[in-house]
Amino acid sequence: FRRAIDMDKGLKEAYFSMGEIFLRHELYDEAIRIFRDLVALDPTDPRAHMSLASAYEMKGMIDEAVNEYAEAVRLKPEDVSALIQLGDAKAKNNNLTGALEDYTDAITKNINSTEAYFKRGLIYTRLGNYSMAEKDFLKTISLDRLFLAAHNNLAVIHYKEHRYALALRDCQKLLRINAKYPLVHFNMGVIYETIGDDQNARKSYHRAVQE
């Protein structure tokens with residue numbers, strides 16, 4: 001790869017391939033150097049900015065990652081995946097309002113994006129806006145009934161709202177889809193314990209340990 005790059009700076013794919021190899025081996029500084037060179041080679045390529053952003057994010061340089069994802073979105077505004085990744089990076093930086101805006105923008109561009117609805121629901125949960133979180137998790141499930149994490153987080157929302165019967169119903173629906181989902185038995189144990197049903201709480205905790 002180095003030889004290909006040295007021979008012709010226009011061989012962008014060699015840059016991408018080398019950078020991806022460095023990332024797979026967790027050589028983040030080397031990957032960042034390669035992707036910075038790639039951005040310098042063609043600053044108008046959103047893919048180059050996305051790759052650099054990913055390398056920054058893996059290294060924990062979240063501010064730099066946000067800047068690169070934002071540039072990728074500026075260059076290719078219709079890229080829903082880039083918007084979602086920008087939102088993810090902002091969420092890691094506790095910029096919840098910014099993340100909310102990005103996920104909402106992604107939904108505007110693709111009204112069937114289960115990932116955007118789900119992640120926006122997570123942000124609403126962190127903001128304490130449980131009614132909006134519930135709507136987003138329900139929308140996620142309506143688009144993909146097998147989206148297990150959406151069922152689980154819906155149960156969490158109902159538990160936080162003290163709607164324990166609904167929370168148990170959510171868990172039971174999840175069990176019918178996947179009886180081995182790792183969190184569901186623990187969550188059911190918490191719910192049963194909260195409502196004073198110690199017998200079922202013990203059973204659920206025991207199942208959680210077994211799973």
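The values are calculated or read from the model by the stated rules, or taken from the named source; none is laboratory data. These figures come from a predicted structure and were not determined experimentally. Cβ: placed from backbone, ideal geometry, glycine included. Neighbour counts: every protein chain shown. Just the protein is used for accessible areas: all its heavy atoms, side chains included, with ligands, DNA and RNA removed. Shrake-Rupley method; radii C 1.70, N 1.55, O 1.52, S 1.80 Å.
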If GLU211 meets every condition in (1) surrounded by 17 or more Cβ atoms within 10 Å (Cβ to Cβ); (2) touching a His at 6+ places or on another chain (Cβ under 7 Å) apart from one, which number is that one?
(1)
Quick one: ALA179 ticks every box in (1) surrounded by 15 or more Cβ atoms within 10 Å (Cβ to Cβ); (2) of a type in the set (Gly, Ala, Ser); (3) within 26 Å of the chain's Cα centre (by Cα) except a single one, so which number is it?
(1)
Contact list, first residue from segment 147-162 and outside any helix (DSSP H, G or I), second anywhere and not charged (D, E, K, R), beta-carbon distance below 8 Å, six or more apart or interchain, is PHE147/THR114; PHE147/PHE118; PHE147/THR140; PHE147/ILE141; GLU161/TYR130
Look at segment 177-202 and say how many of its residues are modelled with pLDDT of 95 or more, out of contact with any Ser or Thr (no Cβ under 9 Å at 6 or more places or on another chain) and not aliphatic (A, V, I, L, M).
7
Quick count over segment 151-170, residues being open to solvent by less than 60 Å² (accessible area, probe 1.4 Å) and within 17 Å of THR125 (Cβ to Cβ), is 12
Residue set ALA133, ALA116; condition of a type in the set (A, V, I, L, M, F, W, C), buried (at least 20 other Cβ atoms within 10 Å of the Cβ), under 20 Å from LEU86 (Cβ atoms) and out of contact with any strand residue (DSSP E or B) (no Cβ under 7 Å at 6 or more places or on another chain); output residue ALA116
Report whether or not LEU138 is open to solvent by 40 Å² or more (accessible area, probe 1.4 Å) and either among the aliphatic types (A, V, I, L, M) or in a loop (DSSP other than H, G, I, E, B) (or both).
yes
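Mind checking whether some residue in segment 124-136 is at positive phi and not hydroxyl-bearing (Ser, Thr, Tyr)?
For segment 124-136, residues at positive phi and not hydroxyl-bearing (Ser, Thr, Tyr): present.
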Confirm whether ASP88 is at pLDDT 95 or above and open to solvent by 40 Å² or more (accessible area, probe 1.4 Å).
no
